[in-house]
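Chemist: Just dropping this structure here.
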Amino acid sequence: MITTLVDSVRAVPAAEWERLARPAGLYLSHRWLAGEEDDPTADTSYALVRDHDGTLLAAAPLHLVHTEPNDAYRPGGLLPPRILPPQVIAGARRGYRNTPLTAPGLDPVRRDACLALLRDAARGLAGRNATTHWWPYLTAGAAGRLAPLYPDAAVHLEDDALIPLPGRDFETYLASLPSRRRVGIRRERREFTAARPDVRRPSLAECAADAGTLLAGHQQGHGHDQDGVDAMTALLARQAETMGADARVVAVYEERRMAGFCLYYHYAGTTWIRAVAVDRSSPVPHLYFNLMYYLPVEDAYAHGTTALHAGMTTIEAKRRRGAEITGLYALADR
């Protein structure tokens, strides 16, 4: 097997990359990673492991981070104090769901050999920059496969929520929940609808400024002071440019003012919630729950996806809406 480094995911044909990435999810997809390369806070390269016939067997983005605006990706507050904070992130840097990419159907021996080569590539890049590397927000399966290659046990960082969407419509989803939850969700939808909200589905490019303002307020309300209006608007504008029509928005307006929005993506059989923010002064009842869950679930069924990735935080609220909860972990090199 041969390991190489390339400077851009665009150097790998999209179909070749996607053969490995689709089982891993949106945040390791070819199009998402291409858009993230424009982020000036890190230099990104890609470790590729190929067979001698040129077949791509494994891959991982490697990010040399210069400055980290997201507290959740700052290793100093997440890893044990005995570990010096690494500056190289292996795998996904955004999205809070990470795994090394390996080709479907690899036998365990070849898969583990590929993982060791990806580890060596990350270790080499870090060593050339006088630092170390880590894998944040690994799925439990990925952490288990990588753990034998690292000196310390995996560190639990967060829990992650995935809501299964059985059958073909919203009523089938409701039927999969306990009766008490069905009553609550029907009431939240009924009172929301009775308020006659102005629900729109603009493109992300059309509403990036309005959504950026709401998102900045949401982030700062949770203590993320660096996430100002300019930063959030620029982030959404970059996604609009790179993801195009794949970026789906459902929003509620009060006349010309956006009262709340949800940004999500359909990818590889799953609908991925990317960002949700609401104006808490809005009189629309249950605005957040309808934007976060029920309207995207309706669109997921229309699109044919079978799960809603609801992500981290407010885990109990997601569990009450049928989410399956799994852990996310970190592994760090010394």
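Chemist: What length, rounded to one decimal in nm, is gained on full extension from Glu255 through to Val109, with 0.36 nm per residue of separation minus their alpha-carbon distance? Please report the intermediate quantities before stating the final value.
Modeler: Working: separation 146, 0.36 × 146 = 52.56 nm, distance 6.02 nm.
Difference between extended and current length: 46.5 nm.
Chemist: May I pose another question? Under a point spin-label approximation (7 Å from Cα along Cα-to-Cβ), what is the Ala15-Asp120 distance to one decimal in nm?
Modeler: For Ala15 paired with Asp120, the spin-label model returns 3.1 nm.
Chemist: Here's a follow-up. Who wins for biggest fluctuation among Ala130, Ala47, Ala234 in a Gaussian network model of the chain, springs between alpha carbons below 10 Å?
Modeler: Evaluated over the chain, the most mobile residue of the options is Ala130.
Chemist: For Leu84 and Val199 in one chain, what is 0.36 nm times their gap in residues minus the Cα-Cα distance, to one decimal in nm?
Modeler: Values: separation 115, 0.36 × 115 = 41.40 nm, distance 4.83 nm.
Once the chain is fully extended between Leu84 and Val199, it gains 36.6 nm.
Chemist: Still on this model: Counting other Cβ atoms within 10 Å, which trypsin sites (Lys or Arg not before Pro) in the range 22-112 have at most 10 and lie in a DSSP loop? Please list the in-between numbers first.
Modeler: Details: sites: Arg31, Arg50, Arg82, Arg93, Arg94, Arg97, Arg110, Arg111; in loops: Arg82, Arg93, Arg94, Arg97.
Here the trypsin sites (Lys or Arg not before Pro) that fit, given the DSSP loop and packing criteria, are Arg82.
Chemist: Under a crude label model (7 Å from the Cα following the beta-carbon direction), how far is Val6 from Thr172 in nanometres?
Modeler: Rounded to a tenth, the inter-label distance reads 3.8 nm.
Chemist: Let me ask something else about it. Students often get this wrong, so try it: which of (1) 32, 22, 20; (2) 43, 37, 18; (3) 36, 22, 19 is semi-axes √(5λ) of the Cα gyration tensor in Å as calculated from the structure shown?
Modeler: Computing semi-axes √(5λ) of the Cα gyration tensor in Å and matching it to (1) 32, 22, 20; (2) 43, 37, 18; (3) 36, 22, 19 gives (3).
Chemist: Please give the calculated 222 nm ellipticity per residue for the chain, where each DSSP H segment of at least 4 residues contributes -39500 (n - 2.57) and the sum is spread over every residue; nearest 500 deg cm²/dmol? Walk me through the intermediate numbers first.
Modeler: Details: 10 runs with 112 residues, N = 334.
After summing the helix terms and dividing by the residues of the chain, the value is -10000 deg cm²/dmol.
Chemist: With point charges of +1 on the Cβ of Lys and Arg and -1 on the Cβ of Asp and Glu, referenced to the Cα centre of the chain, which listed residue (Phe170, Val229, Leu26) lies farthest in the positive direction of the dipole?
Modeler: My answer, from the dipole projection, is Phe170.
Chemist: Here is a follow-up. In debye to the nearest 20, how big a dipole does the range 2-158 give about its Cα centre with +1 on each Lys and Arg Cβ and -1 on each Asp and Glu Cβ? Can you show the working numbers first?
Modeler: Values: 16 positive and 17 negative charges, 56 e Å.
Result for the range 2-158 is approximately 260 debye, rounded to the nearest 20.
Chemist: Take each of the peptides 59-65, 320-326, average the number of other beta-carbon atoms within 10 Å over its residues, and list them starting from the highest.
Modeler: Listed from highest to lowest mean packing, they are 59-65, 320-326.
Chemist: Now for a different question. Report the antiparallel proportion of the DSSP beta bridges in the chain as a percent, rounded to a multiple of 5. Each step should come with its number before you reach the end.
Modeler: Numbers: 53 of 59 bridges.
So the antiparallel bridges in the chain amount to around 90 percent.
Chemist: Just from the alpha-carbon atoms, what are the Rg and Dmax of the range 2-158 in angstroms?
Modeler: Rg, Dmax (Cα atoms, Å): 14.5, 44.
Chemist: Work out how much length Thr67 to Met312 would gain on full extension: take 0.36 nm times their residue separation and subtract the Cα-Cα distance, in nm to one decimal. Working shown, then result.
Modeler: Details: separation 245, 0.36 × 245 = 88.20 nm, distance 2.31 nm.
The span from Thr67 to Met312 would gain 85.9 nm if fully extended.
Chemist: Just Gly25, Gly54, Gly244 to compare: in a GNM of the chain, with alpha carbon springs under 10 Å, which one fluctuates most?
Modeler: Top of the fluctuation ranking is Gly54.
Chemist: Positive end of the dipole of the range 52-137, charges at C-beta (+1 Lys, Arg; -1 Asp, Glu), about the Cα centre: which of Gly127, Gly76, Pro108 has its Cα farthest in that direction?
Modeler: Gly76
Chemist: Also, quick follow-up: Check which residues have an amide H placed less than 5 Å from Ala310's amide H, if you skip close sequence neighbours.
Modeler: Result for Ala310 returns Ala161, Leu162, Ile163.
Chemist: While we're looking at this one, here's another question. Run the simple label-point estimate for Ala209 and Ala153 please: 7 Å along Cα→C-beta, distance reported in nm.
Modeler: Result: 5.3 nm between the two label points.
Chemist: A further question on this structure: To one decimal place, what Kirkwood hydrodynamic radius in Å is obtained for the range 166-305 from all pairs of distinct Cα atoms? Don't jump to the answer; show the numbers that get you there.
Modeler: Details: mean 1/r = 0.0635 Å⁻¹.
Averaging 1/r across every pair of different Cα atoms and inverting gives 15.7 Å.
Just so you know, all these numbers are worked out from the coordinates, no wet-lab data involved. Because the structure is a prediction, the values reported are computed rather than measured. All Cβ positions, glycine included, derive from the backbone under ideal geometry; neighbour counts span all protein chains shown.
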